[in-house]
Amino acid sequence: MSEHDDPKPEASKPESENPEAPKSEPRERTLDARSLRGLAHPLRIRLLAALRHDGPATASQLGERLGESSGATSYHLRQLAAHGFVEDAPEHGKGRERWWRATHDGTSFTEELHHDPDPEVRGAANLFMHEIATIHTQELSTWLGTASDWPDEWSTSSDMSDFTLRLTAEQLRELNEKTHELIETYRDLAHAEDEDTAQVRVHLHAFPRKSH
């Protein structure tokens with residue numbers, strides 16, 4: 001899942017973008033069993049998402065933002081670094097402050113990890129997906145609770161829609177791929193310094209359900 005979090009039938013992505021990175025092509029980390037186990041912890045997933053969405057930060061800053069102690073965030077940042085998800089951002093440091101940044105814009109893993117013979121790997125895949133779903137729910141709830149604080153052009157441009165279609169598995173895959181391609185065409189249209197822009201989160205959930 002890519003925090004630029006965009007789930008695909010064959011892969012899942014949480015999470016998102018790093019404001020410090022060039023925007024031509026998203027840099028994506030494809031997880032294997034080992035790196036998935038290294039990431040599959042609720043606080044690590046949230047730390048990585050925070051760095052991708054808001055840019056470099058210290059363990060103390062992230063602790064305040066996430067309601068955790070700096071000791072906990074520092075430990076889990078070091079674990080993320082050991083698995084290659086974050087790295088030092090020395091250009092932001094002052095004195096002995098240690099700043100961290102995300103090394104990729106998003107993550108994905110294949111459906112095979114959900115069926116791995118190792119139950120620990122399957123459990124890590126399940127935890128990862130459920131944590132991303134929880135983050136999406138919290139982000140949507142935050143928007144609904146604060147939409148009135150935004151100018152009308154933003155609140156009326158937002159969307160919370162759902163559709164029920166009858167598709168084959170291949171058509172569902174094609175729909176997801178075309179939607180992802182369309183979203184990517186908007187990635188470089190605006191820059192962070194533009195006054196009339198804001199960071200926008202796009203959630204995409206597409207899955208089959210049993211009819212009643």
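Computed from the coordinates by the stated procedures, all read-outs in this text should not be read as laboratory data. Just so you know, these numbers come straight off a predicted model, no measurement behind them. Positions of Cβ are generated from backbone atoms using ideal geometry, with glycine treated the same way; all protein chains shown enter the neighbour counts.
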Taking a ≥ b ≥ c as the square roots of the eigenvalues of the Cα gyration tensor, with a/c under 1.5 meaning rounded and otherwise prolate when a/b exceeds b/c and oblate if not, the chain is oblate
So which GluC sites (Glu not before Pro) in segment 163-212 pass both tests, a DSSP loop state and at most 10 other Cβ atoms within 10 Å of the Cβ?
-> GLU193, GLU195
Where in segment 181-212 is the amide nitrogen less than 18 Å from a point lying 7 Å along the Cα-to-Cβ axis of SER158?
-> 197-205
